[in-house]
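Participant: The structure under discussion is supplied below as structure tokens; questions concerning it will follow.
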Amino acid sequence: MARKSNSHEEVPKQLENSDGTDVTIRRMEPGDQDKMLSFASRLPEEDLLFLRTDITDKQVVKQWAENIKNGQTVTLLAEVNGEIAAYASVHLEQARWTRRIGEIRINGGQRFRGRGLGRRLTAEIFELARTLGLKKLTAMMTPDQVAARAAFERLGFRVEAVLADWVEDRGGHVRDMLVMTHDLEGFTDQVVAHN
Ligand SMILES: CC(C)(COP(=O)(O)OP(=O)(O)OC[C@H]1O[C@@H](n2cnc3c(N)ncnc32)[C@H](O)[C@@H]1OP(=O)(O)O)[C@@H](O)C(=O)NCCC(=O)NCCS
């Protein structure tokens, strides 16, 4: 994906997608709630099944906007013709001992997938996370999300843990949770067992 303007550090950015369409990457603002609800309403049921929070719910998106206002969440939007094509968020941990860990959540509209938007947004989130002083990013999904796992592996994440029965999906089914991580600064995450 070619960059059309601005240096790496700045958003908004104008980019050209691999299919030639113009993409704008910018921070989500509290005023983007209706646009986000409209994006969520276009997601197919199989995607909604696995969302960490139900972003088709107005109250959930309102809380998201509150989290943006108070700095607990930073979200980047990729827009095509003024419509949200994809977003990526980093959610910051409040507890002191995990304050260097951020959780990435990323979602692309179906017709915009496989065109480099996920990679682009992830690169921007990595940059942002570093400026926020984060050392490690986590991504949570279920083992059923085979495509998302493959994409995250291509983006430099690896499976760090599988938590049994941690998820109850939108349909009420219990599933395991896959915790994938990416170290931002060559930060070691090797577990050394001490007897
Ligand atoms: C995961 C997701 C964000 C990827 O977005 P995308 O715009 O399609 O990603 P890109 O086109 O930038 O691809 C990124 C890399 O993943 C790979 N990839 C993408 N989709 C893939 C798939 N279905 N299977 C295998 N690899 C895949 C690409 O080949 C690319 O690697 P490369 O650049 O080394 O070739 C998108 O599939 C999505 O929104 N999934 C549903 C939401 C979700 O499950 N999110 C994860 C939980 S936070």
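The values are calculated or read from the model by the stated rules, or taken from the named source; none is laboratory data. Model, not experiment: these values are computed from the prediction. Every residue, glycine as well, gets a Cβ built from its backbone with ideal geometry; the counts of neighbours run over all protein chains shown.
Participant: It is to be established whether one or more residues within the range 16-28 are at pLDDT 90 or above, within 17 Å of the chain's Cα centre (by Cα), not in a strand (DSSP E or B) and not hydroxyl-bearing (Ser, Thr, Tyr). Quick ask: steps written out before the conclusion?
Facilitator: If we filter the range 16-28 for residues that are at pLDDT 90 or above, which is where we start, we get 22-28.
Still in the running and within 17 Å of the chain's Cα centre (by Cα): 24-28.
Then keep just the ones that are not in a strand (DSSP E or B); that gives 28.
Those left that are additionally not hydroxyl-bearing (Ser, Thr, Tyr): 28.
There is at least one residue in the range 16-28 that is at pLDDT 90 or above, within 17 Å of the chain's Cα centre (by Cα), not in a strand (DSSP E or B) and not hydroxyl-bearing (Ser, Thr, Tyr).
Participant: Among the listed residues Arg111, Arg130, Arg120, which satisfies the condition of being buried (at least 19 other Cβ atoms within 10 Å of the Cβ) and basic (Lys, Arg)?
Facilitator: Numbers: Arg111 fails: buried (at least 19 other Cβ atoms within 10 Å of the Cβ); Arg130 fails: buried (at least 19 other Cβ atoms within 10 Å of the Cβ).
None of the others qualify; the one that does is Arg120.
Participant: Going through the range 153-166 one residue at a time, which ones are of a type outside the set (Lys, Arg) and more than 12 Å from the ligand (Cβ to nearest atom)? I'd like the intermediate steps shown before the answer.
Facilitator: So in the range 153-166, the residues of a type outside the set (Lys, Arg) come out as 153, 155-157, 159-166.
Hits for the range 153-166 are Val159, Glu160, Ala161, Val162, Leu163, Ala164, Asp165, Trp166.
Participant: For residues that are among the hydrophobic types (A, V, I, L, M, F, W, C) and in contact (Cβ under 8 Å) with a residue 24 or more places away in the chain, scanning just the range 153-171, find the one that is farthest from Gln110 (Cα to Cα). Please lay out each step first, then the result.
Facilitator: Of all residues in the range 153-171, those among the hydrophobic types (A, V, I, L, M, F, W, C) come to 155, 157, 159, 161-164, 166-167.
Restricting the remaining residues to those that are in contact (Cβ under 8 Å) with a residue 24 or more places away in the chain gives 155, 157, 167.
Numbers: Leu155: 19, Phe157: 22, Val167: 23 Å.
It comes out as Val167.
Participant: While we're on this one: For the range 45-73, name all the residues that are within 16 Å of the chain's Cα centre (by Cα), in contact (Cβ under 8 Å) with a residue 24 or more places away in the chain and away from the ligand (no atom under 15 Å from the Cβ).
Facilitator: Scanning the range 45-73 gives Val61, Ala65, Asn67, Ile68.
Participant: Confirm whether Arg42 is surrounded by fewer than 20 Cβ atoms within 10 Å (Cβ to Cβ), within 14 Å of the ligand (Cβ to nearest atom) and among the charged types (D, E, K, R). Even if it seems obvious, please write down each step before you answer.
Facilitator: Working: surrounded by fewer than 20 Cβ atoms within 10 Å (Cβ to Cβ): yes; within 14 Å of the ligand (Cβ to nearest atom): yes; among the charged types (D, E, K, R): yes.
For Arg42, the condition - surrounded by fewer than 20 Cβ atoms within 10 Å (Cβ to Cβ), within 14 Å of the ligand (Cβ to nearest atom) and among the charged types (D, E, K, R) - is met.
Participant: Name the single residue that is nearest to Glu10 (Cα to Cα) among those in the range 82-108 being near the ligand (Cβ under 8 Å from one of its atoms) and touching an Asp or Glu at 6+ places or on another chain (Cβ under 8 Å). Break it down into steps so the answer makes sense when it comes.
Facilitator: To start, the set of residues in the range 82-108 that are near the ligand (Cβ under 8 Å from one of its atoms) comprises 86, 88, 104-108.
Among the residues that remain, those that are also touching an Asp or Glu at 6+ places or on another chain (Cβ under 8 Å) are: 88, 107.
Numbers: Ala88: 16, Asn107: 21 Å.
Among residues in the range 82-108 that are near the ligand (Cβ under 8 Å from one of its atoms) and touching an Asp or Glu at 6+ places or on another chain (Cβ under 8 Å), the one nearest to Glu10 (Cα to Cα) is Ala88.
Participant: Among (1) surrounded by fewer than 17 Cβ atoms within 10 Å (Cβ to Cβ); (2) within 13 Å of the chain's Cα centre (by Cα); (3) aromatic (Phe, Trp, Tyr), there is one condition Trp97 misses while meeting the rest; what is its number?
Facilitator: (2)
Participant: Among the residues of the range 162-195, which ones are modelled with pLDDT under 90 and closer than 25 Å to Ile125 by Cα?
Facilitator: Glu185, Gly186, Phe187, Thr188, Asp189, Gln190
Participant: Let me ask you something else. Can you confirm whether Gly171 is more than 14 Å from the ligand (Cβ to nearest atom), in a loop (DSSP other than H, G, I, E, B) and not acidic (Asp, Glu)?
Facilitator: On the way: more than 14 Å from the ligand (Cβ to nearest atom): yes; in a loop (DSSP other than H, G, I, E, B): yes; not acidic (Asp, Glu): yes.
Spelling it out, Gly171 is indeed more than 14 Å from the ligand (Cβ to nearest atom), in a loop (DSSP other than H, G, I, E, B) and not acidic (Asp, Glu).
Participant: Let me ask you something else. Give me a count of the residues in the range 131-152 that are more than 23 Å from Arg99 (Cα to Cα) and either free of Cβ contacts under 8 Å to residues at least 12 places away in the same chain or within 11 Å of the ligand (Cβ to nearest atom) (or both). Walk me through how you get there before you give the answer.
Facilitator: From the range 131-152, those more than 23 Å from Arg99 (Cα to Cα) are 142-151; that's our starting set.
Then keep just the ones that are either free of Cβ contacts under 8 Å to residues at least 12 places away in the same chain or within 11 Å of the ligand (Cβ to nearest atom) (or both); that gives 142, 144-151.
Count: 9.
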